[in-house]
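Working notes for the structure below.
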Amino acid sequence: WEIRSRSNASPQLERNINRFTQFLTLVGLAALLVGGVGVANAVKSHIDRRLEVIATLKAVGATGRDVFGIYLAQVLLLAGIGSIIGLALGAAMPFAIVGLFGKLLPLPVVPAVHADELALSFVYGLLTALAFGL
């Protein structure tokens with residue numbers, strides 16, 4: 001016996017949507033990993049260029065903890081700026097796509113800004129920079 005209601009009209013469609021969601025999650029995690037490797041390389045390059053400044057700070061009495069805190073704050077500030085730019089582009093993209101291709105889409109699409117998802121993305125951006133920047 002199989003019972004179908006309007007909330008479960010097509011189990012096959014629901015399975016396909018779940019698979020597509022899992023696929024998009026995997027793609028997002030892979031992009032986050034690649035971005036994290038880029039962040040790690042950028043932080044290493046930044047620190048390598050600042051070795052003389054770090055040596056000067058240490059020579060005038062700064063502790064290793066102070067130097068670490070200064071450069072960690074710089075990395076987090078830059079990650080925050082980059083995350084805000086990414087959030088702005090990501091939030092504007094659905095509006096741009098609907099504006100350009102809205103007539104071609106077979107279904108009506110109403111773009112919206114979801115603040116909770118944007119906030120979660122911002123936190124993920126900062127955590128990625130923190131994890132790969134250390």
Criterion (modelled with pLDDT under 90, farther than 18 Å from Leu33 by Cα and part of a helix (DSSP H, G or I)) met by exactly one of Leu100, Leu126: Leu100
Find all pairs meeting these conditions: Cβ atoms under 7 angstrom apart; at least six residues apart or on different chains; first residue within the stretch 83-110 and under 30 Å from Leu130 (Cβ atoms); second residue loosely packed, with under 13 Cβ neighbours inside 10 Å. Ala91/Val113
How many residues of the stretch 85-116 are surrounded by fewer than 14 Cβ atoms within 10 Å (Cβ to Cβ) and in contact with a Gly (Cβ under 9 Å, 6 or more places away or on another chain)? The answer is 2
Would you mind stating whether Leu72 is surrounded by 11 or more Cβ atoms within 10 Å (Cβ to Cβ), touching a residue at least 60 places away in the same chain (Cβ under 8 Å) and hydrophobic (A, V, I, L, M, F, W, C)? yes
Within the stretch 111-134, how many residues turn out to be of a type in the set (Val, Ile, Thr) and free of Cβ contacts under 8 Å to residues at least 12 places away in the same chain? 1
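The values are calculated or read from the model by the stated rules, or taken from the named source; none is laboratory data. In this text, all values refer to a predicted model and were calculated from it rather than measured experimentally. Backbone-built Cβ (ideal geometry, glycine too); neighbour counts: all protein chains shown.
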